[in-house]
């Protein structure tokens with residue numbers, strides 16, 4: 001499930017460049033985050049791993065080889081999925097493209113969604129939008145029947161008011177209107193508040209992955 005779902009998600013958050021080198025798919029994320037920068041193993045392991053590797057479920061042998069080579073772990077990530085119909089609801093949000101100044105300013109203030117990540121949104125070739133409300137925003141894109149949410153952020157002073165739930169529901173409604181049947185997202189495994197929200201919305205945990213980086 002993890003490998004197939006990540007492959008479906010990739011066009012909604014694409015690297016700047018991607019190429020094959022032996023059994024590895026290499027990515028240049030241009031500063032846009034881990035998934036768009038990590039190499040993945042797509043053939044028999046050759047004993048020559050790139051410096052930054054994504055390890056997906058079912059790749060335990062690769063993980064052991066990387067550990068033996070001194071690679072350290074970075075950021076375990078959880079994938080969530082739910083039927084769009086279970087999440088879609090009218091919500092007091094707006095759909096806009098390109099990102100409006102309020103969303104850009106809020107993301108900049110958080111320090112997590114900076115210019116390189118905005119560039120990832122800009123180069124996404126899928127149907128896309130920003131779902132926004134006062135104090136919150138999320139990037140949504142649809143690839144086939146799969147909608148994916150990225151960069152969900154609520155300003156600190158607006159938290160615990162139901163804005164994140166509203167953004168997810170509004171994004172699901174936007175996706176439903178474009179024929180999506182499923183809605184997925186990824187979140188750091190240690191982000192307990194976000195994971196609690198997704199569980200409360202009825203989203204199911206369907207996989208995990210983590211990164212390993214070569215010793216410096």
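The values are calculated or read from the model by the stated rules, or taken from the named source; none is laboratory data. All values derive from a computational prediction rather than experimental measurement. Quick reminder, even Gly has a Cβ in these numbers, built from the backbone with ideal geometry, and neighbours come from all protein chains shown.
Structure data summary
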{"quantity": "Checklist (1) buried (at least 18 other Cβ atoms within 10 Å of the Cβ); (2) farther than 24 Å from residue 118 by Cβ; (3) touching a strand residue (DSSP E or B) at 6+ places or on another chain (Cβ under 7 Å) applied to residue 72, failing item", "calculated": "(1)"}
{"quantity": "Residue pairs meeting the criteria (Cβ under 7 Å; at least 6 apart or on separate chains; first closer than 15 Å to residue 139 by Cβ, in the range 159-182; second assigned to a loop (DSSP other than H, G, I, E, B))", "calculated": "167/93; 168/201; 170/91; 170/93; 172/88; 178/127; 180/145"}
{"quantity": "Residue list for the range 81-90, filter: at pLDDT 95 or above and surrounded by fewer than 21 Cβ atoms within 10 Å (Cβ to Cβ)", "calculated": "81, 82, 83, 85, 86"}
{"quantity": "Failed item in (1) within 21 Å of residue 15 (Cα to Cα); (2) touching a strand residue (DSSP E or B) at 6+ places or on another chain (Cβ under 9 Å), with residue 119 passing the rest", "calculated": "(2)"}
{"quantity": "The range 91-111, residues that are loosely packed, with under 15 Cβ neighbours inside 10 Å, part of a helix (DSSP H, G or I) and without any contact (Cβ under 8 Å) to a residue 40 or more places away in the chain", "calculated": "101, 105, 108"}
{"quantity": "Failed item, numbered, when residue 57 is tested on (1) touching a helix residue (DSSP H, G or I) at 6+ places or on another chain (Cβ under 6 Å); (2) crowded, with 18+ Cβ neighbours inside 10 Å; (3) within 28 Å of residue 38 (Cβ to Cβ)", "calculated": "(2)"}
{"quantity": "Count of residues meeting criterion [under 30 Å from residue 48 (Cβ atoms) and either touching a helix residue (DSSP H, G or I) at 6+ places or on another chain (Cβ under 6 Å) or buried (at least 17 other Cβ atoms within 10 Å of the Cβ) (or both)] in the range 199-209", "calculated": "2"}
{"quantity": "Residues (more than 13 Å from the chain's Cα centre (by Cα) and crowded, with 20+ Cβ neighbours inside 10 Å) located in the range 1-28", "calculated": "27"}
{"quantity": "From 15, 50, residue being assigned to a loop (DSSP other than H, G, I, E, B) and more than 20 Å from residue 186 (Cα to Cα)", "calculated": "50"}
{"quantity": "Residues of the range 147-198 satisfying the condition of being in a loop (DSSP other than H, G, I, E, B), surrounded by fewer than 19 Cβ atoms within 10 Å (Cβ to Cβ) and either touching a helix residue (DSSP H, G or I) at 6+ places or on another chain (Cβ under 7 Å) or not assigned by TED's automatic domain parsing to the domain that holds residue 129 (or both)", "calculated": "155, 181"}
{"quantity": "The one condition in (1) in the same structural domain as residue 199 (by TED's automatic domain parsing); (2) over 19 Å from residue 150 (Cβ atoms); (3) in a loop (DSSP other than H, G, I, E, B) that residue 70 fails to fulfil", "calculated": "(1)"}
